[in-house]
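What follows is a set of notes on a single structure, which appears directly below.
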Amino acid sequence: MSIEHGVHHDGLHGDHHDAHHHGKFIAHHFDSAEQQFDAGKMGIWVFLVTEVLFFSGLFCAYILYRYHHPEIFVQAHHFLDKVLGAGNTIVLLFSSLTMALAVRASQLGQNRSVAIYVLITMVCASIFLGVKAVEYTHKWDMGIFVRSFFQYDDHHHAEGISRYLILASIVPGALLACFGGLALLGMTSKGGFEKAFWGGMAIMVLGYFIGVGGGMFYMGMSGGEHYTPTELHHDIGIFFSIYYCMTGLHAFHVIGGIIALAWIYYRSLACHWRPDYFGPVDNVGLYWHLVDLIWIFLFPLLYLIN
Amino acid sequence: MSNPSLAQQYFGHAAQHNYLNVSKGWKSWAFTLDHKRIGVMYLIGVTFALLLAGVFALLLRAELFTPNKMFLSEAQYNQMFTLHGAIMVFAFIIPSIPAALGNFVLPMMLGAKDVAFPRLNLMSFYLWVIGTIFLVIAMITNSLDTGWTFYTPYSIRTSTGVVAATFGAFVLGFSSIFTGINFLVTVHTMRAPGMGWFQMPLFIWGLYATAIIQVLATPVLGITLLMLIAERLLHIGIFDPKYGGDPVLFQHFFWFYSHPAVYIMILPGMGVISELISVYSRKKIFGYSFIAFSSVAIAILGFLVWGHHMFTSGQSELVTLIFSAITFTVAIPSAVKVFNWLSTMYKGCIALVTPMLFAMSFIFLFGIGGLTGLFLATLRTDIHLHDTYFVVAHFHYVMVGGTLTALFGGLFHWWPKMFGRMYNELCGKITCLLVFVGFNVTFFPQFVMGSRGMPRRYARYDIEFEAFHQWSTIGAMILGVGVVIGFATLVYAAFRGPRCAGNPFGAATLEWQSSSPPSFHNFDHKVEFTSPYDFSTQVYDEELDSYVHRNFTAPAKPAVPVQPQSI
């Protein structure tokens, strides 16, 4: 790419280039900022359509099995904790609000505000994952796995912190140490850019542990009251297969969203956004709203069955 | 080109500074964002996939020369046809015309400098590479014997490399989705000033309809393959009857993608043919809007017919009837295209050059492939023909007779544009003849033996089918020789062929306003929009040995076309 841009500027096509008064962030193949913005906007909408269709297979499986085995779904949903699910829903809704505020700030060219709002959005995403980790690992402790590994054992859940939860927290813990260390290193350099970026990343990962702490606190408060069924349906594992597939795929999208948001955060710190150039914030925002929206469907479908 | 300075005036200075020599070194190709270079890399890649899968096909046909074992065991035979199908479908046919030819031609036809998202375009290519590598890894390490359809529950039980292969197909799916997104957005936002939707070349309409399918159908394949991988690794019980799952659900999901994917394979080919027929008949395309809308109609109807692959799967009778009826309606837009092509040729000034010969054989072969589809859409006859060689012959007539023929036609047509050099006309014609004859000798006997009950996917067969199989094998060898000669001709032309000017065929679409090969930015001057099928705008200039826009030359030039040279 650099080579081509070299040619681009070496006078061969100089006249061609100057004719369009290209801004700093307008790619060479677009005629104007509007054309670039329109292309990006349409691209992200089409991409969101593919995302919806990507999830559609799982929604189809859900509809089919719920239609054929409603009793499994009614019984299985008792294993899901409505309060944690509702809490996560509120967290994601709030993150959508801050994302919308970030988009507005980017349109006004207020890069500092964009950075703050995007950071809050990322922290919310991490909290969501933390709570989800508590929910998942709690189920694994009780032997609630996908269909073939499903081995429910109610007596297993009450011994301190779950081993699975510790395992799940290794990567976030390592990331926290890593980002924190880089932020400390950034303290020594001038300018504060690195400090702000890596510090933000560290705060973002901290969100995961806030989520885990909150989730565990709630679990402790509710006193480990568990649904104790008299007799489990022999195919109840299919519900959890679908549950893990849907929420797992959604969690991957949350992680993808965090990476995209980190990129926006970086560019906000570098003051890239201007009233005539804010497309990436807008587009990542749209993606984030979709991730949020999918959860809005998943929550009632999985947690609120009656 | 006899007069360089004049050529420079019209086509720009790019004959000397073109996209091929603008920068050097492998990095300038590996990290290029130029749609033309990505198109060329795609072309090399899909050609490799075609040859690999083609070798498998020839091995299969060689084994079938006698009813008994020659050199492949039954298990090896199963692996061979699976790899032939999987690599042909996922790594060759689906990306062939859109990603290779389309990438090169689409932005230029629109008068744009590049596709809307060049980075996504490069990423799409590398996803193609990764996906193909996974397919090859599956092939080398553990092989694969499920058929390209990966039907459950067998694909859950078999010991072969289903996970690597399905992951490869999953990644290839994303490559396809990204190409689709890019093309949709490029067509919407980057048309040349003055080019409305109904002034677009029909190849663009074909690619646009293809992109719609790529974007709407491929994600469903993606999630289906992920669920299959999860089923295999974790036994989630969605497709596996042993754990309460439904294997027919997999078939529904799979064909919800893979039937529309059939149109991903054929629609771009139809677009190419629309261009070729019009250019080499030197006549305005007949029924432009009918051809354009029939592409979109095929794309939409393609989503509603997947159940016709499952007539014998035990789905309800009512559903079967509905799918059968909708399948028949697909014949209407397909026929609209064929009749419009024939009407375009009627009273045209037809030049029987290589691309036109390919276009004409496309119409013939697609006609047979399309009409035999109606036999299979009819419920009664399908019960008899299901899973026989009749089906094999039918879809090969569409995919090879259709898509491969169109790809060759398109390559010969745009080759001078891509590399600035002319191919050898005689070799081109020999290619076309061998492909046409070889193809028919291969697959026509398969219709006959299929209707007499020869099942597909069998390594051994009854002695009564021996003669058909032997004809088929001989035809396959002829076809293989034809394909190799074709690529040899093209490769030779790209390096050693005589240089040619910007517009040697007198085509009116915008890509011919650039030099051959085009400059890095495609056009060095402002693109002058002309109607894509108004050939009166293109006049032959002897000094340039090329067609130019009539406004460019002195008014006394002859408007009567000089036929493209032929041997």
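The values are calculated or read from the model by the stated rules, or taken from the named source; none is laboratory data. Everything numeric here is computed off the predicted structure, so don't read it as measured data. Because the Cβ atoms are built from the backbone with ideal geometry, glycine has one as well, and the counts that use them run over all protein chains shown. We work out accessible area using only protein heavy atoms, side chains counted, and drop any ligands, DNA or RNA first. Shrake-Rupley method; radii C 1.70, N 1.55, O 1.52, S 1.80 Å.
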Go through the range B:473-493 and give me each residue that's open to solvent by less than 20 Å² (accessible area, probe 1.4 Å), among the aliphatic types (A, V, I, L, M) and over 21 Å from the mean Cα position of the chain (by Cα). B:Ala493
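Scanning the range B:325-340 for residues that are in contact with a Ser or Thr (Cβ under 7 Å, 6 or more places away or on another chain) and not basic (Lys, Arg), which turns out most open to solvent (accessible area, probe 1.4 Å)?
Within the range B:325-340, the first condition is being in contact with a Ser or Thr (Cβ under 7 Å, 6 or more places away or on another chain), and the residues that meet it are B:333, B:336-337.
So of that shortlist, the ones also not basic (Lys, Arg) come out as B:333, B:336.
Details: B:Pro333: 12, B:Val336: 41 Å².
Restricting to residues being in contact with a Ser or Thr (Cβ under 7 Å, 6 or more places away or on another chain) and not basic (Lys, Arg), the top hit is B:Val336.
Taking A:Gly211 as the residue in question, decide whether it is closer than 21 Å to A:Val83 by Cα, in contact with a helix residue (DSSP H, G or I) (Cβ under 7 Å, 6 or more places away or on another chain), away from chain B (no Cβ under 14 Å) and not aliphatic (A, V, I, L, M). Show your work before the answer.
Values: closer than 21 Å to A:Val83 by Cα: yes; in contact with a helix residue (DSSP H, G or I) (Cβ under 7 Å, 6 or more places away or on another chain): yes; away from chain B (no Cβ under 14 Å): yes; not aliphatic (A, V, I, L, M): yes.
So A:Gly211 fits the description; yes.
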Selection count, the range B:61-101, where residues are closer than 29 Å to B:Ser176 by Cα and surrounded by fewer than 18 Cβ atoms within 10 Å (Cβ to Cβ): 0
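Which of the following residues is assigned to a helix (DSSP H, G or I), of a type outside the set (Phe, Trp, Tyr) and out of contact with any Leu (no Cβ under 9 Å at 6 or more places or on another chain): A:Gly211, A:Gly215, A:Gly200, A:Gly248? Outline the logic, then answer.
On the way: A:Gly211 fails: out of contact with any Leu (no Cβ under 9 Å at 6 or more places or on another chain); A:Gly215 fails: out of contact with any Leu (no Cβ under 9 Å at 6 or more places or on another chain); A:Gly200 fails: out of contact with any Leu (no Cβ under 9 Å at 6 or more places or on another chain).
Just a single option satisfies the conditions, and that option is A:Gly248.
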Hey, any hits in the range B:196-213 for a residue that's without any contact (Cβ under 8 Å) to a residue 60 or more places away in the chain and farther than 18 Å from B:Ala508 by Cβ? no
Take the conditions more than 17 Å from the chain's Cα centre (by Cα) and either part of a helix (DSSP H, G or I) or more than 14 Å from chain A (Cβ to nearest Cβ) (or both) and apply them to B:Phe239. Does it pass? no
Restricting the search to the range A:60-91, which residues are of a type in the set (Phe, Trp, Tyr) and either within 24 Å of B:Leu184 (Cβ to Cβ) or surrounded by 18 or more Cβ atoms within 10 Å (Cβ to Cβ) (or both)? A:Tyr62, A:Tyr65, A:Phe73, A:Phe79
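In the range B:377-391, what residues are open to solvent by 20 Å² or more (accessible area, probe 1.4 Å) and within 23 Å of B:Thr82 (Cα to Cα)?
Step one: filter the range B:377-391 for residues open to solvent by 20 Å² or more (accessible area, probe 1.4 Å), giving B:378-381, B:383-384, B:386-387, B:391.
If the condition is that a residue be open to solvent by 20 Å² or more (accessible area, probe 1.4 Å) and within 23 Å of B:Thr82 (Cα to Cα), then B:His386, B:Asp387, B:Val391 are the ones that fit.
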Mind listing whichever residues of the range B:188-218 are crowded, with 24+ Cβ neighbours inside 10 Å, within 14 Å of chain A (Cβ to nearest Cβ) and farther than 17 Å from B:Ala297 by Cα? B:Thr218
Tell me, please, whether a residue that is touching a residue at least 24 places away in the same chain (Cβ under 8 Å), surrounded by 21 or more Cβ atoms within 10 Å (Cβ to Cβ) and under 30 Å from B:Phe11 (Cβ atoms) can be found in the range B:124-137. yes
Going by the structure shown, is A:Ser95 part of a helix (DSSP H, G or I), within 21 Å of A:Gly279 (Cβ to Cβ) and open to solvent by 30 Å² or more (accessible area, probe 1.4 Å)? no
Of all residues in the range B:486-542 being touching a Gly at 6+ places or on another chain (Cβ under 8 Å) and aliphatic (A, V, I, L, M), which is nearest to A:His28 (Cα to Cα)? B:Val527
Take the range B:530-548 and flag every residue that is open to solvent by 20 Å² or more (accessible area, probe 1.4 Å) and at pLDDT below 85. B:Glu542, B:Glu543, B:Asp545
I'd like to know if the range B:102-119 contains one or more residues that are assigned to a helix (DSSP H, G or I), open to solvent by less than 10 Å² (accessible area, probe 1.4 Å) and under 21 Å from B:Phe253 (Cβ atoms). no
Do any residues in the range B:392-413 that are more than 23 Å from B:Gly453 (Cα to Cα) and open to solvent by 10 Å² or more (accessible area, probe 1.4 Å) have Cβ atoms under 6 Å from those of residues that are of a type in the set (Gly, Ala, Ser) and at pLDDT below 95, where the two are at least six apart or on different chains, and which pairs are they? none
I'm trying to understand the selection: among the residues of the range B:293-317, which are open to solvent by 30 Å² or more (accessible area, probe 1.4 Å) and within 15 Å of B:Ala331 (Cβ to Cβ)? B:Ala297, B:Ile300, B:Leu301, B:Leu304, B:His308
Based on what the data block shows, is B:Ala138 more than 14 Å from chain A (Cβ to nearest Cβ) and modelled with pLDDT of 95 or more? no
If you scan the range B:25-47, which residues turn out to be at pLDDT 95 or above and loosely packed, with under 15 Cβ neighbours inside 10 Å? B:Ile44
Exactly one condition in (1) open to solvent by 40 Å² or more (accessible area, probe 1.4 Å); (2) more than 14 Å from chain B (Cβ to nearest Cβ); (3) not β-branched (Val, Ile, Thr) is false for A:His233; which is it? (2)
What do you reckon, is B:Thr160 assigned to a loop (DSSP other than H, G, I, E, B) and under 25 Å from B:Ala53 (Cβ atoms)? yes
For the range B:184-235, the count of residues that are closer than 23 Å to B:Gly102 by Cα and not in a helix (DSSP H, G or I) equals 9
Number of the condition not met by B:Gly420 [criteria: (1) at pLDDT 95 or above; (2) at positive phi]: (1)
Verdict on B:Tyr263 being part of a helix (DSSP H, G or I) and open to solvent by 10 Å² or more (accessible area, probe 1.4 Å): yes
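Could you look through the range B:143-181, keep only residues that are touching a His at 6+ places or on another chain (Cβ under 9 Å) and under 24 Å from B:Ser96 (Cα atoms), and pick out the one that is most open to solvent (accessible area, probe 1.4 Å)? Can you show your working first?
Here is the first cut: in the range B:143-181, the residues touching a His at 6+ places or on another chain (Cβ under 9 Å) are B:148-149, B:156.
Next, from what is left, pick out any that are under 24 Å from B:Ser96 (Cα atoms): B:148-149.
On the way: B:Trp148: 35, B:Thr149: 11 Å².
Here the answer is B:Trp148.
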